[in-house]
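Structure, as structure tokens:
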Amino acid sequence: MEKNLLKQNKESWDAIADSFFGVTALPVYGCFIPTEDELGLFPVLENKKVLDIGCGSGILAIAALKLGASEAIAVDIDEVCGPAVAEHLRINDLPAERLRFYAADILADDRLQRSLRREKGQLVLANINAEVLRDLAGVVGRFMAPGGYFIASGILADYAGPVAKSLIYAGLAIIGQRQVGDWVSYVAVVAYE
């Protein structure tokens, strides 16, 4: 089952990778940004810090910066993402000093976890597969500023239930959910601060 999920994830990514920073990929992939005006789920981002976990090309962090966030921290396990993030900052005329990229496994890198616990984001984003989101649920609350939000997306509908259970078990409260086709996204907050 796990190999099938990884294979499907890779095939889906390969199919959209060339246009990922374009208009077509994100609505299909399940992120909230295309419908934010109607959903109203994002907090006001003006002068806020955003963390993008599993950032890939950096699209979510860059979108947050364009929506007014003062700074973003982008993390991906794949170091190849660093040059892509830098290129997308350049394309979007955003200064590089507004976004820090870390090539690291957030689940295994204690030093990075300590740093993010100190830095805390008012908005934490993760558009990654369900298996990683289930594991991330156990630590993500530590990276959220008081009153902050966590948006988890990129979840295949068949795996949404276990992700929701992991978020709740980790002490997060799901305050929003959206499904577009087979893709599900959740908005969560720390249940008890």
Hey, got the dipole for region 34-193? About the Cα centre, +1 on K and R Cβ, -1 on D and E Cβ, debye to the nearest 20? 540 debye
Extending each Cα 7 Å along its Cβ direction at Arg100 and Arg118, get the distance between those two points in nm, one decimal. 0.8 nm
Between Ala108 and Asp182, what length in nm is gained on full extension when 0.36 nm per residue of separation is reduced by their alpha carbon distance? 23.7 nm
HN-Hα J in Hz across region 145-161 - Karplus 6.51, -1.76, 1.60, θ = phi - 60°, x for Gly and Pro: 5, x, x, x, 10, 10, 10, 10, 9, x, 9, 5, 3, 4, 10, 5, x
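What FRET efficiency comes out for Asp93 versus Ala173 if R0 is 30 angstrom and r is the Cβ-Cβ distance? Round to the nearest 0.05. Provide the component values of the computation, followed by the final result.
Working: r = 37 Å, r/R0 = 1.24.
In this case the efficiency is close to 0.20.
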Could you tell me the accessible area of Lys165 in Å² (1.4 Å probe, neighbours in place), rounded to the nearest ten? 150 Å²
For Met144, enumerate residues with amide H under 5 Å from its amide H, sequence gap 5+ or separate chain, H modeled in the peptide plane. Gly121
For Ile175, which sequence-distant residues (separation of 5 or more, or a different chain) have an amide H within less than 5 Å of its own amide H, given hydrogens modelled in the peptide plane? Val187, Ala188, Val189
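The values are calculated or read from the model by the stated rules, or taken from the named source; none is laboratory data. Everything quoted here is computed from the prediction, not taken from an experiment. Because the Cβ atoms are built from the backbone with ideal geometry, glycine has one as well, and the counts that use them run over all protein chains shown. All accessible areas refer to the heavy atoms of the entire protein, side chains included, with ligands and DNA or RNA removed. Shrake-Rupley method; radii C 1.70, N 1.55, O 1.52, S 1.80 Å.
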